[in-house]
Amino acid sequence: VVASMAHLQEEKLRLQEELLALQEKLAARENEELAVSVQLQGQVENLKANLLDQAQEISRLRSELGGTDLEKHRDLLAAENERLRQEMKAREGELRELRRQQAPCRGCAHLQENAGLQERLSQLQREAEEARAKLAELDLEVQQKTNRLAEVELRLKDSLAERAEEEERLSRRLRDSQETIASLKSQPQQIKYIIKTVEVESAKAKQALCESQSRNQYLQEQVGMQRQVLKEMEQQLQSSQKTAAQLRAQIAMYESELERAHGHMLEEMQAMEDEKNRAIEEAFSRAQVEMKAVHENLAGVRTNLLTLQPALRTLTHDYNSLKRQVRDFPVLLQETLRSARAEIGQAIEEVNSTNRELLRKYRRELQLRKKCHNELVRLKGNIRVFGRVRPITKEDGEGPEAANAVTFDADDDAVLHLLHKGKQVSFELDKVFPPQASQEEVFQEVQALVTSCIDGYNVCIFAYGQTGAGKTYTMEGTSANPGINQRALQLLFSEVRSKAADWDYTITVSVAEIYNEALRDLLGKEPHEKLEIKLCPDGSGQLYVPGLTEFRVQSVEDINKVFEFGHVNRVTECTNLNEHSSRSHALLIVTVHGLDRSTGLRTTGKLNLVDLAGSERVGRSGAEGSRLREAQYINKSLSALGDVIYALRSRQGHVPFRNSKLTYLLQDSLSGDSKTLMMVQVSPAEKNTSETLCSLKFAERVRSVELGPVSRKAELVSWPSQEQLEGDLQGTAASSSRGHASPSPGPPSGRAASIRRKLQTSG
Ligand code: ADP
Ligand code: MG
């Protein structure tokens, strides 16, 4: 084993030496190859530079012109080409040499040695394998002989360890050598690559050479072409010289022709000159003849002019005189205007004076008319009583109870007959309206009273009668067919409008009711509140109602609003409106304040429109409780109204105005100069005859009262002649003396202004 180990060691050393030698050889070879490749690169560079020179030379030659130089250059280029070709051949030879030198490298001794070494290495490996097998056998033998060979065993163990180490080192070495061999194998491939590049580059050089040769060829062709062109140009020159000679001959020919033409032209010109002179002569002679004619004409015109001159003179004269007239015209005009103005002024003055006279007469007539009207009223009586019979309605039922008991006189519209308990009773009133009389007809009879309110009179219109006799219909009417209230206000508005040029009017309204002797404001914020009638604290003796609302009205819309408002208040204050309204007096108080702007005359008139409570005698038919009390109040107030009227009629010292709220409130509209209309409403039905009888008796009694002559409540501020005139015309009992001159009441101060009343002492 030791011997084999030593042998292996020796073998390994030898292999290492061989490897080193191989590596050296490889390095030398590499150096050689590097040197050869550098040399080859240098040669390729040279060739490239040569090629560049050639290319430059060719371009220079291209830019040059001239046959001889080109030829020289061509010769030079041919020589250069030859030289390059030879050089190329030499390079090719060198390349071949190089290839030949490289060829032994492929099958070189190193490779053969390498292969031998490898073979030997594998043989050694095989031998090592065999040795290992032997070693295993020996191991077995060693183990068997352990007991006997302890020492040998120890040594063997040592040697075994050593051998294992050595083995490993060897195998490492072997692997290294194998790698080196592999790298060496790849080296020749590198060399092959370099050779190939050289071959490619020499091919490029060849191609460049070919290109330069072809360029040379092309240049030679160019030179040949240039020469040809030169030849052609020479030929052209010769032909153009020929043409020039021909042209010269032609010119000579043309010149001779020109000379001929010139001669001809001169001849023609001469002929034309002669012609012209002839024409001029002819024209001159013609012009002379014409001139003569013109002279003759001129002479005629001159004579004409001479005759025109006097006409022109007269025209100028006329013109001048006209101018003078125009200059004088404004003065004349002004004079005329002045005189016309004076005439017109005079006429206007005359018209004015006539107007004034007419106006004076008109006013006098107006006063007279008023006086006559007042006289008429006085003659008719201050209290006028009308009767109105309503038609039979469904409410009256059927049968004998609903039969008609009222008849009229065909000849007298103031008489009516009532059939009561088989007896016919006749009544005479101021006027009787039958059932078919319209609201319009009724109002026509009333409107004179309404207008007198504008003139400053106090007016009362009462609707009297039993419940259901048509009081409310006459006073309020329906919306489609309004009654006296609305028509009166409309009439007031239209009257006020027609007088607006001279008068300022203010119309205010209050709506109130008297129920159970309590006065309520139906336009106020608190309609349930009882109002009091009081004496003015200023000692004037006038009455007023503190807190009574007054609305200023200017249109029909305003009136409708006021009525609606009053109606709503009345409805909310009672449970049964029909019953309530029949047991209370409804008052519409219209106050008209007027101011005559020209005279300063102030007037105040009051129109009281009263829908009285039902006059039926309830108390006598055994009513009780509140109904009885209501009936008592109604009876009391209606008989107080009768009493007052009676006292006034009979001129008693004491008039019991204070016996009821109604008479107290209307005191100033009932007394003295006031005008009163009582509209007695009756039902024509058989069942109502006893009530109808009572109402008509009341009417007759009232009608007989005389209130005395009417006077106007007017405060005279200026223009006394009018009032005096009225007094003069009226005779001894002048109303003005009885007029209640009062301090100017002025217009009402607003919605809630209290009514100021004039109090007339009962005496
Ligand atoms: P009063 O107010 O006196 O109680 P109304 O005015 O309420 O009576 O009239 C009672 C009824 O008779 C109403 O339906 C009303 O329309 C009708 N009436 C009254 N007068 C006339 C008349 N002249 N023409 C037609 N209908 C009338
Ligand atoms: Mg009524």
>> I'd like to check which helices (runs of 4 or more DSSP H) are fully inside the range 642-706 and have at least 1 residues that are of a type in the set (K, R) and away from ligand 1 (no atom under 16 Å from the Cβ).
In response: 661-665, 689-703
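Could you tell me whether P400 is in contact with a strand residue (DSSP E or B) (Cβ under 8 Å, 6 or more places away or on another chain) and of a type outside the set (V, I, T)? Steps first, answer last, please.
On the way: in contact with a strand residue (DSSP E or B) (Cβ under 8 Å, 6 or more places away or on another chain): no; of a type outside the set (V, I, T): yes.
Here the answer is no, as P400 does not meet what is asked.
What strands (runs of 3 or more DSSP E) lie completely within the range 400-463 and have 2 or more residues being aliphatic (A, V, I, L, M) and either more than 16 Å from ligand 2 (Cβ to nearest atom) or assigned by the TED database to the domain that holds L492 (or both)? Walk me through how you get there before you give the answer.
Details: elements: 406-408, 415-420, 423-428, 431-433.
By residue number, 415-420.
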> From the list R520, R487, which one is assigned to a helix (DSSP H, G or I), among the basic types (K, R) and under 22 Å from G566 (Cβ atoms)?
Replying inline: R487
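Does S479 count as free of Cβ contacts under 8 Å to residues at least 24 places away in the same chain and within 16 Å of ligand 1 (Cβ to nearest atom)?
Numbers: free of Cβ contacts under 8 Å to residues at least 24 places away in the same chain: yes; within 16 Å of ligand 1 (Cβ to nearest atom): yes.
For S479, the condition - free of Cβ contacts under 8 Å to residues at least 24 places away in the same chain and within 16 Å of ligand 1 (Cβ to nearest atom) - is met.
Quick check, is D538 touching a residue at least 24 places away in the same chain (Cβ under 8 Å), away from ligand 2 (no atom under 16 Å from the Cβ) and either at negative phi or more than 60 Å from the chain's Cα centre (by Cα) (or both)? Break it down into steps so the answer makes sense when it comes.
Values: touching a residue at least 24 places away in the same chain (Cβ under 8 Å): no; away from ligand 2 (no atom under 16 Å from the Cβ): yes; either at negative phi or more than 60 Å from the chain's Cα centre (by Cα) (or both): yes.
No; evaluated as a whole, the condition is false for this residue.
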> Just wondering, is there one or more residues in the range 473-484 that are within 13 Å of ligand 2 (Cβ to nearest atom), part of a helix (DSSP H, G or I), within 23 Å of S690 (Cα to Cα) and assigned by the TED database to the domain that holds S637?
Replying inline: yes
>> Looking only at residues that are buried (at least 16 other Cβ atoms within 10 Å of the Cβ) and within 47 Å of the chain's Cα centre (by Cα) in the range 485-504, which one is nearest to ligand 2 (Cβ to nearest atom)?
In response: Q490
>> Considering only residues that are more than 16 Å from ligand 1 (Cβ to nearest atom) and acidic (D, E), which ones fall in the range 422-446?
In response: E428, D430
> Do we find a residue being touching a Cys at 6+ places or on another chain (Cβ under 7 Å), closer than 22 Å to L548 by Cα and either buried (at least 19 other Cβ atoms within 10 Å of the Cβ) or among the aliphatic types (A, V, I, L, M) (or both) anywhere in the range 591-603?
Replying inline: yes
>> Exactly one of these conditions fails for E395: (1) assigned to a helix (DSSP H, G or I); (2) modelled with pLDDT under 95; (3) within 16 Å of ligand 2 (Cβ to nearest atom); (4) surrounded by 14 or more Cβ atoms within 10 Å (Cβ to Cβ). Give me its number.
In response: (4)
> Name the pairs whose Cβ atoms lie under 8 Å apart, with the first residue in the range 650-662 and under 15 Å from L543 (Cα atoms), the second modelled with pLDDT of 85 or more and among the acidic types (D, E), and 6 or more positions between them or separate chains?
Replying inline: S660/E517; K661/E517
> Hey, does the range 410-421 have a residue that's farther than 26 Å from S674 by Cβ, over 60 Å from the mean Cα position of the chain (by Cα), aliphatic (A, V, I, L, M) and within 16 Å of ligand 1 (Cβ to nearest atom)?
Replying inline: yes
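The values are calculated or read from the model by the stated rules, or taken from the named source; none is laboratory data. From a predicted model like this one, the values you see are computed outputs, not experimental measurements. All Cβ positions, glycine included, derive from the backbone under ideal geometry; neighbour counts span all protein chains shown.
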